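Working notes, beginning with the structure itself.
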Amino acid sequence: MGAKSKYVIVQLASVITGSTRVWVRERAAEKFSGIFYDPARWSVKLLIPLYLCVLTVFDQMEHMEAGEPEVGALNFSFLYSSDTIWRCFRSLKSKADTFLLVGLSDSGKTHIFGKIANKNNEPVTYTSFQENVLDIDVRGQHLKVVDFPGAERLRKQLVEKWLKKERSSLRGITFVVDSSSFSKRSRDVAEFLYDVALESGKKIPILVACNKQDHGLAKSSQVIRLSLEKEMGLINKTRAAALTSTDGSSSHRTLTDTGANFSWDDLPKPVEFVECCAVDGATVGLEAIRDWIKL
């Protein structure tokens with residue numbers, strides 16, 4: 001039997017919460033010291049090979065520190081293991097499990113988020129300036145719902161973090177609209193939705209949730225859909241003209257090349273419109289959003 005490894009993998013399961021923690025530590029180290037991570041959010045198929053790779057790398061490092069022979073073979077094994085770990089982490093990182101809630105301030109995002117988190121409680125909401133995050137497990141699958149603040153000064157952060165850096169983690173975007181004040185804010189809604197659709201790429205689906213349908217002045221999803229289509233066309237035309245240089249060339253950063261004749265069908269990804277309301281007892285609830293997120 002070969003010599004024991006300097007490192008061990010420790011697994012601790014809670015009979016109360018059902019959660020599991022796994023970490024790597026030195027065999028002689030304190031009982032709970034080590035590098036913690038949560039396997040519940042990782043692919044089981046990748047987890048076991050990752051454990052083995054981690055141990056292999058640690059063993060190679062131990063041999064190298066000891067100055068043992070066959071350095072070439074050890075280096076090869078070390079590099080192979082490191083590459084395997086990197087690919088495992090890359091696969092885990094790129095897993096799309098996040099649904100993003102965005103929209104103008106006061107559109108009702110946080111109210112919807114609170115009802116999704118606990119449909120039996122009526123959450124107390126206020127204008128938020130930081131993300132609300134919900135981690136849930138649905139039929140053994142991990143999902144995350146993120147309520148991003150609607151403040152205009154945070155738009156750049158939304159684009160840089162979620163629509164670019166973390167785009168690969170997004171499964172879908174729910175864009176919440178206040179149907180009761182839509183007539184007054186249609187242009188602002190369209191500008192924001194245009195940027196979200198443009199910066200999120202060609203694959204991530206968007207659900208436009210026409211909220212506050214319990215109000216008497218609330219516009220229907222069909223009216224909002226047609227109105228936004230027209231507004232998006234005007235924005236499309238304006239931005240295309242602004243991007244055209246004096247020599248006639250252009251570097252397009254527009255949703256489509258159709259200008260004012262923009263249509264939702266022109267987009268390479270699905271954009272759906274639904275009606276909803278987070279208030280208890282309303283004729284229309286949050287079923288459409290729950291079904292879309294698959295809760």
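What follows is calculated from the coordinates using simple rules that are stated; it is not laboratory data. It should be emphasised that the depicted structure is a prediction, and the values quoted were computed from it without experimental measurement. No Cβ is skipped: glycine too gets one built from the backbone with ideal geometry, and neighbour counts run over all protein chains shown.
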Work out how much length Val138 to Asp291 would gain on full extension: take 0.36 nm times their residue separation and subtract the Cα-Cα distance, in nm to one decimal.
53.9 nm
Can you give the local net charge around Pro270? Use residues other than it whose beta-carbon is closer than 14 angstrom to its beta-carbon, Lys and Arg +1, Asp and Glu -1.
+2
Below 8 Å between Cα atoms, with a sequence gap of 6+, how large is the relative contact order for segment 137-295 in percent?
24 percent
With a 10 Å radius around each residue's Cβ, average the other Cβ atoms per peptide and rank 132-142, 226-236, 266-276, highest first.
226-236, 266-276, 132-142
Computed over the Cα atoms of segment 98-293, what is the ratio Rg over Rh, Rh following Kirkwood?
0.97
